[in-house]
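Inspection log for the structure reproduced underneath, given as structure tokens.
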Amino acid sequence: MIAKVSCAALMGIDAFKVELEVDFSRSGMPAFTMVGLAEGAVRESKERVFSALKNCGFKVPPARITVNLAPADVRKEGSAYDLPLAVGILCGMEVVAPEQAEGWFMAGELSLTGDLKSVPGVLPLALAARKEGGRGIIVPAANGREGAVVKDIPVIGASDLGQVVRMLLGEEEVAPSTVDIDTLWNERQTFVNDFGEVKGQEHAKRAIEIAAAGGHNLLLIGPPGSGKTMLAKRIPTVLPPLGFEEALEVTKIYSVAGLLQADRALMVTRPFRTPHHTISDVGLVGGGRYPQPGETSLAHRGVLFLDEMPEFKKNVLEVLRQPLEDGEVSISRSLMTLKYPADVMLVAAMNPCPCGYLSDETRPCTCSPLAVQRYRGKISGPLLDRIDLHVDVPAVPYDDLRQPRSTVDSATMRRRILAARAVQAERYAGRHFSLNAELDGSALEEFCSPGEAEHAFLRQAVESLGLSARAYTRVLRVGRTIADLAGAEEITADHLAEAINYRSMDREGEK
């Protein structure tokens, strides 16, 4: 007989329905055949499933078993098909009636003893099952809370194959997994670091406030020990909290990547990712033989921090250009094209020269002009143009180190940032963007249109600094954010002057 079990396959960070069909025939030579573009771990599932069935007390008689994963033209991968395959075989053996399994979406990896192990992508599976109108989903107990984030569909967390079968047969009642969303929000990370601990660096803290308020990318330039990394690590303390839809989106990425912790059903704080400079381009933006999200996508809705930016391979940095512009990563393969969200705030840090002391007043620089040029040339002009603020972070004078805790702490900065973002949310209500950093085209002309005096000022700055068209756009966006922080309706020459002051790499080019 032919049995059908519902499951799902991942496409990017979303899931789509897959119908697992099992033709169980006792006529002909015993054989097992799986079709439907099953890859790697899916093909190996036969050995796990048959051992699990045997060790759970289900004897599979000699039979010709044909398994089809429909739609057959989309590649399936991973070990999540073990559970639906085992249930499909049991339906073919008439241990479980087809109507008892009908409507349930299943996913789970089986151990040889029949225990259910956690699998990635349960949150997208639950969303797909709800969209398809399923009765519910059956997943490993370790994934139960993750799936339960999706409301209006029961999520059964089972410990082993035997429990799943008893539940389907009505011999055992398993309570659906539950999760209290309000409690999750109350479990938001409490930050131990604070900008109030930073001595001096008021100029850098002001730039960080502007970047966080408008969603702008930021480059910190200074000698070793000036506090660039310390400043960057405190940026999450001033960012607005995640909304529920944003949290759901971030959680889907971590779920698909298999990085969602068992005790964390929902990502409730903005991610902060700090990849090492030896990372590959695939590791940074995603991809691989079986495409997975990279660090850029894992930092979605949060901060991607690249410390010692020139030490990254140039080809690795260049792949960032498209995600920074579009807010997503596009990965093309012969059979498919995947898109992973990558709406990040890029924060990078670098020394002004190879030895690090070009701008230091106390230690002499030992680098030749050619060495400095080569060092800075590791960051291409097009990538540099996509970074809105270039900020000098000088060494902190001793007198500043002796000062008490700064009054410009994270709470003060966050209050101003939230006020500026509220202004932007009201201004851009009903549009496909919500931050100044996303302004482009006609929207840029509508919301960042300076007066004649401001245009004259900008003309002089563009011509003297040799700003590109993209850098000119960045100056307008940053000027708009500075005006929002000041509570001003119009962008003035003072706002534009401050924005241009945060283009230190362009000013270096002028010299």
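A count restricted to the stretch 386-410 and to residues that are open to solvent by 60 Å² or more (accessible area, probe 1.4 Å) and either of a type outside the set (D, E, K, R) or under 24 Å from the mean Cα position of the chain (by Cα) (or both) stands at 7. All conditions but one from (1) closer than 23 Å to Ile235 by Cα; (2) of a type in the set (Gly, Ala, Ser); (3) crowded, with 19+ Cβ neighbours inside 10 Å apply to Ser359; the one that does not is (1). Cβ separations smaller than 7 Å between residues 6+ apart or across chains give the following pairs from the stretch 362-378 residues that are under 16 Å from Pro224 (Cα atoms) and assigned to a loop (DSSP other than H, G, I, E, B) to residues that are among the aromatic types (Phe, Trp, Tyr) and open to solvent by less than 100 Å² (accessible area, probe 1.4 Å): Arg363/Tyr357; Pro364/Tyr357; Cys365/Tyr357. Within the stretch 327-343, being more than 13 Å from Gly286 (Cβ to Cβ), in contact with an Asp or Glu (Cβ under 9 Å, 6 or more places away or on another chain) and open to solvent by 60 Å² or more (accessible area, probe 1.4 Å) holds for one residue alone: Leu335. Annotation note: Cβ proximity below 8 Å between a residue of the stretch 255-283 that is over 19 Å from Leu10 (Cβ atoms) and a residue that is part of a loop (DSSP other than H, G, I, E, B) and aromatic (Phe, Trp, Tyr) (sequence gap 6+ or interchain) occurs for His277/Phe312; Ile279/Phe312. Residues in the stretch 443-476 that are in a helix (DSSP H, G or I), of a type in the set (Ser, Thr, Tyr) and closer than 15 Å to His495 by Cα: Tyr472, Thr473. Closer than 20 Å to Glu311 by Cβ and in contact with a Lys or Arg (Cβ under 7 Å, 6 or more places away or on another chain) - does that describe any residue in the stretch 407-428? For the stretch 407-428, residues closer than 20 Å to Glu311 by Cβ and in contact with a Lys or Arg (Cβ under 7 Å, 6 or more places away or on another chain): absent. Annotation: of all residues in the stretch 28-44 being of a type in the set (A, V, I, L, M) and within 28 Å of Met11 (Cα to Cα), the one that is surrounded by the most Cβ atoms within 10 Å (Cβ to Cβ) is Val42. For Ser6, are the conditions met, namely being of a type in the set (S, T, N, Q) and within 30 Å of the chain's Cα centre (by Cα)? Spelling it out, Ser6 is indeed of a type in the set (S, T, N, Q) and within 30 Å of the chain's Cα centre (by Cα). Residue-level analysis places Glu295 among those that are open to solvent by 10 Å² or more (accessible area, probe 1.4 Å), of a type in the set (Asp, Glu) and in contact (Cβ under 8 Å) with a residue 12 or more places away in the chain.
Counting only residues that are open to solvent by less than 30 Å² (accessible area, probe 1.4 Å) and farther than 14 Å from Met309 by Cα, how many does the stretch 372-385 have?
Counting residues in the stretch 372-385 that are open to solvent by less than 30 Å² (accessible area, probe 1.4 Å) and farther than 14 Å from Met309 by Cα gives 2.
Among the residues of the stretch 215-268, those identified as in contact with a Pro (Cβ under 7 Å, 6 or more places away or on another chain) and not in a loop (DSSP other than H, G, I, E, B) are Ile221, Glu249, Val250, Lys252, Ile253, Ser255, Val256.
The values are calculated or read from the model by the stated rules, or taken from the named source; none is laboratory data. Quantities reported herein were computed from a predicted structural model and do not represent experimental measurements. All Cβ positions, even for glycine, are placed from backbone atoms using ideal geometry, and neighbour counts span all protein chains on display. When the accessible area is computed, the model is the full protein with side chains, heavy atoms only, and any ligands, DNA or RNA have been set aside. Shrake-Rupley method; radii C 1.70, N 1.55, O 1.52, S 1.80 Å.
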